[in-house]
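The values are calculated or read from the model by the stated rules, or taken from the named source; none is laboratory data. Since we're looking at a predicted model, the values are computed, not measured. Because the Cβ atoms are built from the backbone with ideal geometry, glycine has one as well, and the counts that use them run over all protein chains shown.
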Amino acid sequence: MGRSSRRTRAMPPVSSNAEAASSSSSFRARLRSESIPALSRPASPSSSILLQDEVRRQLEKAFAATTSNNKEENDDNRLVVQFRDTLVNTGAELHSDAISKITEGHADIQAKIAEFAEQSSRALSQANSLYSNIAYPLSATICESENLPRATIAAHLSSLLKKLDDAEAELGVLGQE
């Protein structure tokens, strides 16, 4: 028999090490979390690299393969390690892409919220302006025109009423003639 029927495990072995279990479960919890990641965009390229290194370390821990000193299993171990490295790289890229898309989506939503707040503020300002015009008594509103003197609407109406009375009186005089 060229190959042993015993295979190494691709998934991490059950461990009593509390630190490994808690870091793995906290990593899984962060992946399952619906909350937005704390960093919106990395402040510098070095913080992005540190994040990628942390993700890579977490994935390597999760996919740690057991090794053996048996010569027949070394080829299998090499394939498992190669598979693990591929999974780690793919997982790190997937995590990076997901974070970048979430960040872009978050920025888009924030821009839309800011735009909506600006539109709401303009509409509120316009509504307040219209309400103040309505609330101000019309009789106290001052009219300005090139053809008429500056006065309140009440003064203009009074002037028009006087002119109308004068015109009616003149019509009465003209009608009697």
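Scanning the range 120-153 for residues that are in a helix (DSSP H, G or I), modelled with pLDDT under 80 and more than 47 Å from the chain's Cα centre (by Cα) gives 139, 140. Cβ separations smaller than 8 Å between residues 6+ apart or across chains give the following pairs from the range 143-154 residues that are under 18 Å from residue 133 (Cβ atoms) to residues that are part of a loop (DSSP other than H, G, I, E, B): 143/150; 144/150; 152/141; 153/141.
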